[in-house]
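Below: one structure, written as structure tokens.
The values are calculated or read from the model by the stated rules, or taken from the named source; none is laboratory data. Note that this is a predicted model, so its numbers are computed, not measured. Here the Cβ positions follow ideal geometry from the backbone for every residue, glycine too, while neighbour counts run over all protein chains shown.
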Amino acid sequence: MDERSETLSRRAAVSVAVVIALGIVVLAHSAWDLLSRPIAPQWLVLAALTVSTGLVMLRILTVNVAISFSISDTFNIAAAVLFGPSAGAITAALDGLVLSSQFAFTRRTAHRVLFNIAVSAIAIWAAARVFFALAGNRPLDDGPWGAVRLIGLLAVFAAVNYLLNTGLVAMAVSLERRLSPLTVWREHFLNLWATHFGGALAVVPLLMLQRWRPSIGAVELLVLIVPLPAILYTTFRHAVGRVQDQVAHLGQLNRVYVAVIEALAQAVDAKDQVTHDHIRRVQTQSVRLARALGVTGDDELQAIMAASLLHDVGKLSVPEHILNKPGRLTPSEMDVMKRHAPAGADILSVVGFPYPVAPIVRHHHENWDGSGYPDGIAGEAIPIGARVLAVVDCFDALTSHRPYRPRIDDRAALEIIIQRRGTMYDPRVVDTFLELHQCGAAAADADHVAPASSASDAPAAPDANVDRELADLQVVCDLGRACAGSASAVHVVETLWFHLRPHLPASTFVFYAHNDARNTLEAAYGSGPAARELSEAAIPIGDRLSGWVAATRQPIVNSDARLDLDESKREDSDLRSALAVPLEIGSRIAGVLTFYAPDVNAFDEGHRRLAQAAAYAAVQSGIPFAFPLTIAHPLRRLETVQ
């Protein structure tokens, strides 16, 4: 528990203790006052009615708090205005004791019961004191305005009772839940004014009757006072029943609503090639971080929860070849990618969330220094939910597996977050996130993995000089002549590797043929120390490195070579960079030529042009490259050319 939490806990304990102590003083004084004079039998009737009706409660369930009330309030008020503050305090204490007995066993602690009794007694006693201070000994004066004056006095009584009763409880709840007292009171107690004012006004006939018949008996009092609260109880019971039915219906609709959100989030995940575990982790950590930053409003927390699931919903409008491209995006591709934030906000604004989800989604790529997108806002102008989401999403992405890049460990990811502190990310958000991570609250799952910058992010090597261009031209001419005499597709790619190997820094080469029936890439020829491992599994089109090249029909230079391996074998591989070019025949993708090197950034633009020329020579050979290729055992040729 941090220092702030300990301080709030101490304040809550002290506040509850003060209220209980004050209640004991009020009750002790009231008991002494009642015992010092004869006890009226009518008051005993009211006390009995208080106890009996207190056993029959109405309960309203709100979002976070269960509010219970009964018609015993009418008898408490009647006892106070008919027999004085002391009688009202004792009656209210009995009522508080009975109501506390109705709590669930887990809530029926000693300090909670004493607090409820003390609050009831203090509120009624203080309200009665104010009532008699204003009314004197005769609440109902003679004259045409006597009834109006009485109603005004009872309204003051009800207001004092209501504000003290609900205010003290709201204070205790706010300290326990670390919320604003005004927020708690407005959300859970504001609508209870009707029961307090209704109970007070129910006493008007009794006071008027007492003026005409001061010696009213206990039986008459019972006959006169019981029907009205009984009618009120029946009315409220039916009303509460209807409300609870509506709440149950809304709860069912909310579950459907959440399910739709989940389905939409999973659709985004599938297109973006991330796991739903990533989204769930981001949601959990975002809410935890927001709470640590002091975000307590239920609407704001609900907005962060929904935005965590749906912040990338706008990516549904981004083409997959851009969304899952392994290398650096071109400026035009980046412009398309940036549209996903406002597009997502536009989609969600139509949904009509009851909390501010769309602003978080729109601004989750804004930077603290104003250099982000789409609107370039800065600092506190960025919604706190967007600032929280930006940090959490970045960290989890950096420590999560993606098909088009490998992971980095937690320490490296935290270093990146720290480097961006004050420029991309809110410094206070970063500092709090680091504190939570150190405590283990934001620790990544064991199977996280993360995106280091793609090798293709590094600047390409300078273009080759004239001598190299002439040498490459000679290689292309040799390839054309050699491929022209090939008898099969496998012989073509074998010839390509034979001529290209001296001119490329690759240690391993694999030709992946396109299986039209299964829409996968399958190794048809390979050579080099890693060829066997790279050929063990088919690659779905669009997946991994070579699958992305097949899907987009665009070459890629210096992407991480390990991405074409199974995840279990990536850590042990010596491969570091890859060059891959598509092999197209007309409008059909026939396969991919992929070259793997043990060094980072091993390939340059000259190598790319050479590989693309080799692919062109293969196509010009006239071999159809139709799957299955014309060889009985294609993988038997793996590692044959060393």
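Some observations on this one:
- Tally, over the range 496-519, of residues that are among the hydroxyl-bearing types (S, T, Y) and part of a loop (DSSP other than H, G, I, E, B): 1
- The set of residues from the range 293-325 being outside any helix (DSSP H, G or I) and among the hydrophobic types (A, V, I, L, M, F, W, C) comprises L293, V295, V318.
- Among (1) buried (at least 20 other Cβ atoms within 10 Å of the Cβ); (2) within 30 Å of A561 (Cα to Cα), the one test that L316 misses: (1)
- Yes/no for R328 being basic (K, R) and part of a loop (DSSP other than H, G, I, E, B): yes
- Residue in the range 293-324 that is farthest from R544 (Cα to Cα), counting only those that are among the acidic types (D, E) and touching a residue at least 60 places away in the same chain (Cβ under 8 Å): D298
- Flag if H401 is crowded, with 18+ Cβ neighbours inside 10 Å, modelled with pLDDT of 90 or more and of a type outside the set (S, T, Y): no
- Of the criteria (1) under 24 Å from F433 (Cβ atoms); (2) at pLDDT below 85; (3) surrounded by fewer than 15 Cβ atoms within 10 Å (Cβ to Cβ), which one S371 fails: (2)
- For the range 342-430, the helices (runs of 4 or more DSSP H) that sit wholly inside it and include 1 or more residues that are touching a strand residue (DSSP E or B) at 6+ places or on another chain (Cβ under 8 Å) are 384-398, 410-419.
- Selection from the range 583-619 of residues that are in contact with a Gly (Cβ under 8 Å, 6 or more places away or on another chain) and either among the charged types (D, E, K, R) or farther than 16 Å from V490 by Cα (or both): Y596
- Flag: F625 matches the condition of being surrounded by 19 or more Cβ atoms within 10 Å (Cβ to Cβ) and modelled with pLDDT under 80.
- The sole residue among L309, L293 that is within 30 Å of S174 (Cα to Cα) and modelled with pLDDT of 85 or more is L293.
- A121 meets the conditions (1) at pLDDT below 85; (2) part of a helix (DSSP H, G or I); (3) not hydroxyl-bearing (S, T, Y) in every case but one. The failed one is (1).
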